[in-house]
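The values are calculated or read from the model by the stated rules, or taken from the named source; none is laboratory data. Because the structure is predicted, anything quoted here is derived from the model rather than measured. Every residue, glycine as well, gets a Cβ built from its backbone with ideal geometry; the counts of neighbours run over all protein chains shown. Only protein heavy atoms, including side chains, enter the accessible area calculation; ligands, DNA and RNA are left aside. Shrake-Rupley method; radii C 1.70, N 1.55, O 1.52, S 1.80 Å.
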Amino acid sequence: MSFLRRKTASFLGLAALRNLVSDSMAIDMGSASTIIAVRGRGVIVDEPSVIAVNKISGEVIAVGNEARKMQGREARDVTVIAPLIDGVVADFERTRAMLDHFVKEARSGISHVSRRAIMSVLSGVTQVEQRALLTAAEEAHIGRVYMVEEGLAAAVGAGVPVDDATAAAVVDIGGNTTNVATIISGSIISSRAERLGSSDIDAAIMDFVRRHRGLTIGVSTAERLKLELSSAIEPRDTQQKVNVRGRDVQTGAPGAVDVTAAEVYQVTQPIVRRIAEEVRTTLTDLPPEVSGDIYDRGVILTGGGALLDGLGPYLQKELDLTIRVADAPRFAIVRGLSQMFDEPLLLRRVARTEPHLLLEPDAMVFEE
Ligand SMILES: Nc1ncnc2c1ncn2[C@@H]1O[C@H](COP(=O)(O)OP(=O)(O)OP(=O)(O)O)[C@@H](O)[C@H]1O
Ligand SMILES: [Mg+2]
């Protein structure tokens with residue numbers, strides 16, 4: 001701490017200084033998107049979890065939306081990377097750079113540090129992965145980092161009261177993972193994350209179009225087909241079609257084909273069936289009272305995958321349980337994390353922190 005800064009601090013007064021430090025952030029860093037909400041300001045960042053780097057120098061060229069635009073159209077020396085795979089840190093250096101970028105974006109004006117942040121983590125993450133995330137957050141100048149299990153954050157964000165003594169079940173379907181959790185009184189009873197998510201539908205669409213229609217399409221095109229045509233239940237108009245462009249498998253030349261809703265439905269089916277199976281397995285063999293509560297209350301869906309057309313009715317029929325899609329399901333986790341700032345006792349009880357790894361918040365106030 002320099003003398004000059006010390007002087008500035010006393011001049012401005014501590015209260016004013018605290019305002020320079022943008023306060024509490026809720027961070028849901030998923031394999032598909034990173035969402036950051038700042039307390040009192042709502043969702044500030046909602047961007048794809050991708051980063052474009054120069055292959056030779058390693059220099060970061062673009063992050064988030066900007067990098068996504070380059071995906072599949074990269075210049076020769078550029079590569080676009082999704083550093084989080086299956087919700088865990090697959091590429092530490094790029095995860096760190098990405099988090100740093102998004103956190104800066106979420107900060108208002110002149111502040112360089114944040115007092116505290118709550119991040120969500122998958123239940124299955126190892127100590128090493130947790131430490132990697134904590135280190136990344138520390139390097140992004142966040143004073144104190146709390147880590148909360150995704151399932152609990154999703155439940156709170158979907159409106160389950162933290163002191164609810166009746167059990168609730170939440171299924172979060174993300175890009176790469178499906179997390180099924182049961183919660184009671186703000187504690188997790190059981191939680192299971194599987195490498196299965198909405199992007200598996202994109203991959204299945206790509207595979208189908210290549211093998212049956214002879215056209216190789218990019219990831220973004222496959223996702224667009226999913227968003228426009230995919231459905232978990234028989235589509236109303238099976239002949240509805242979308243024209244997609246790509247590369248002809250035989251000739252390598254540019255080409256285009258029409259893909260119908262019936263075709264997309266056919267490739268979506270095995271994946272939603274696997275999701276149903278996953279939910280069924282996790283909800284089997286729970287304590288009888290918990291099972292009873294869930295039977296009465298039903299299951300809540302969160303995550304971007306929950307937006308798939310007809311998924312609620314499909315699961316309702318398959319599982320014979322009431323299914324409710326949370327409001328704005330992609331934001332359920334970040335909403336839940338934000339709400340935890342108002343529940344300090346719960347936060348202390350459920351969060352995993354390693355304060356010794358991190359600088360104390362007050363020590364950070366004067367740092368740049
Ligand atoms: N309207 C929609 N219909 C179908 N799928 C959608 C819709 N909107 C978003 N998705 C899909 O949801 C997925 C992203 O969901 P989400 O943002 O919850 O993932 P994530 O949290 O980043 O991933 P994960 O939790 O696996 O790490 C993407 O595969 C996206 O295509
Ligand atoms: Mg997620």
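Among the helices (runs of 4 or more DSSP H) confined to the stretch 248-357, the ones with at least 1 residues that are of a type in the set (D, E, K, R), within 30 Å of Tyr146 (Cα to Cα) and touching a Gly at 6+ places or on another chain (Cβ under 8 Å) are located at 332-340, 344-350.
Within the stretch 52-88, the residues that satisfy the criterion of being in a helix (DSSP H, G or I) and open to solvent by 20 Å² or more (accessible area, probe 1.4 Å) are Asn65, Glu66, Arg68, Lys69, Met70. Glu105 meets all of the listed conditions (1) away from ligand 2 (no atom under 15 Å from the Cβ); (2) without any contact (Cβ under 8 Å) to a residue 60 or more places away in the chain but one, namely (2). Among the residues of the stretch 133-148, what is the count of those that are away from ligand 1 (no atom under 15 Å from the Cβ), open to solvent by less than 50 Å² (accessible area, probe 1.4 Å), touching a strand residue (DSSP E or B) at 6+ places or on another chain (Cβ under 9 Å) and not in a strand (DSSP E or B)? Result for the stretch 133-148: 4. State whether one or more residues within the stretch 169-177 are more than 21 Å from the chain's Cα centre (by Cα), under 30 Å from Val244 (Cα atoms), of a type in the set (A, V, I, L, M) and buried (at least 24 other Cβ atoms within 10 Å of the Cβ). No, every residue in the stretch 169-177 fails to be more than 21 Å from the chain's Cα centre (by Cα), under 30 Å from Val244 (Cα atoms), of a type in the set (A, V, I, L, M) and buried (at least 24 other Cβ atoms within 10 Å of the Cβ). The set of residues in the stretch 178-228 being part of a loop (DSSP other than H, G, I, E, B) and basic (Lys, Arg) consists of Arg195 alone. Selection of the stretch 222-267 for residues being open to solvent by 40 Å² or more (accessible area, probe 1.4 Å) and closer than 16 Å to Gly305 by Cα yields Glu223, Arg224, Leu227, Glu228, Ile233, Tyr265.
Contact map, the stretch 256-268: residues that are of a type in the set (Gly, Ala, Ser) paired with residues that are crowded, with 20+ Cβ neighbours inside 10 Å and modelled with pLDDT of 95 or more, Cβ distance under 6 Å, separation 6+ or inter-chain. Pairs shown: Ala261/Leu229.
Looking at Val290, is it of a type in the set (Val, Ile, Thr), modelled with pLDDT of 95 or more and away from ligand 1 (no atom under 16 Å from the Cβ)?
Working: of a type in the set (Val, Ile, Thr): yes; modelled with pLDDT of 95 or more: yes; away from ligand 1 (no atom under 16 Å from the Cβ): yes.
So Val290 fits the description; yes.
Arg330 fulfils the conditions (1) closer than 17 Å to Met119 by Cα; (2) away from ligand 1 (no atom under 16 Å from the Cβ) except for a single criterion, (2). In the same structural domain as Ile44 (by TED's automatic domain parsing) and closer than 17 Å to Arg349 by Cβ - does that describe any residue in the stretch 125-142? No. Scanning the stretch 108-122 for residues that are open to solvent by 20 Å² or more (accessible area, probe 1.4 Å) and closer than 21 Å to Met340 by Cα yields Arg115, Arg116.
Under the condition of being more than 11 Å from ligand 2 (Cβ to nearest atom), assigned to a strand (DSSP E or B) and under 18 Å from Ser338 (Cβ atoms), the residues counted in the stretch 149-177 number 2. Residue count for the stretch 268-284 under the criterion of being in contact with a strand residue (DSSP E or B) (Cβ under 9 Å, 6 or more places away or on another chain) and open to solvent by 20 Å² or more (accessible area, probe 1.4 Å): the result is 3.
Being free of Cβ contacts under 8 Å to residues at least 12 places away in the same chain and not in a strand (DSSP E or B) is a property that does not hold for Arg94.
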